[in-house]
1. Under the Kirkwood approximation for Rh and a Cα-based Rg, what ratio Rg/Rh is obtained for the stretch 3-94?
2. Could you work out how far apart the two model spin labels at residue 23 and residue 83 are, taking each label as a point 7 Å from the Cα in the direction of the beta carbon, and quote it in nm?
3. With labels modelled as points extended 7 Å from the Cα through the Cβ direction, what inter-label distance (nm, one decimal) is found for residue 90 paired with residue 10?
4. Assign unit charges at the C-beta atoms only (+1 for Lys and Arg, -1 for Asp and Glu), then state the dipole size of the chain relative to its Cα centre in Debye, rounded to the nearest 20.
Amino acid sequence: QTAIISNALDNLTDVVTRLYPMADAFDLIVGSAYEGIMKPDPRIFTRTLERLGCRPDEAVFIDDFQHNVDGARGVGMAAIHYTPGLDVAAALATLGVVTAA
């Protein structure tokens, strides 16, 4: 399963659906404006995990801000700090995640 956790706009779902035809690629979109909590607050991660029906050790979080990565790790999730040029598939493979070719 895949999800987006975003601290962005209060109309995040609308923006993702209208401007970027990628909303269907995700099982869940969690916006901090709707939840009243923002990354790196542990509650946004645990709430997302609960909605997905998975445990922290079954999830991988990817973010471009280290403090958000640290927040995810704080609840037991594996996490990757995204930086430009990072080979995400290789980073996921180091965690044992199999990606589509």
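Bear in mind that the values in this text are calculations on the coordinates, not laboratory data. These figures come from a predicted structure and were not determined experimentally. Here Cβ is always computed from backbone atoms with ideal geometry, including for glycine, and neighbour counts include all displayed protein chains.
1. On the Cα set of the stretch 3-94, Rg over Rh gives 0.95.
2. 3.5
3. 4.3
4. Roughly 120 debye for the chain.
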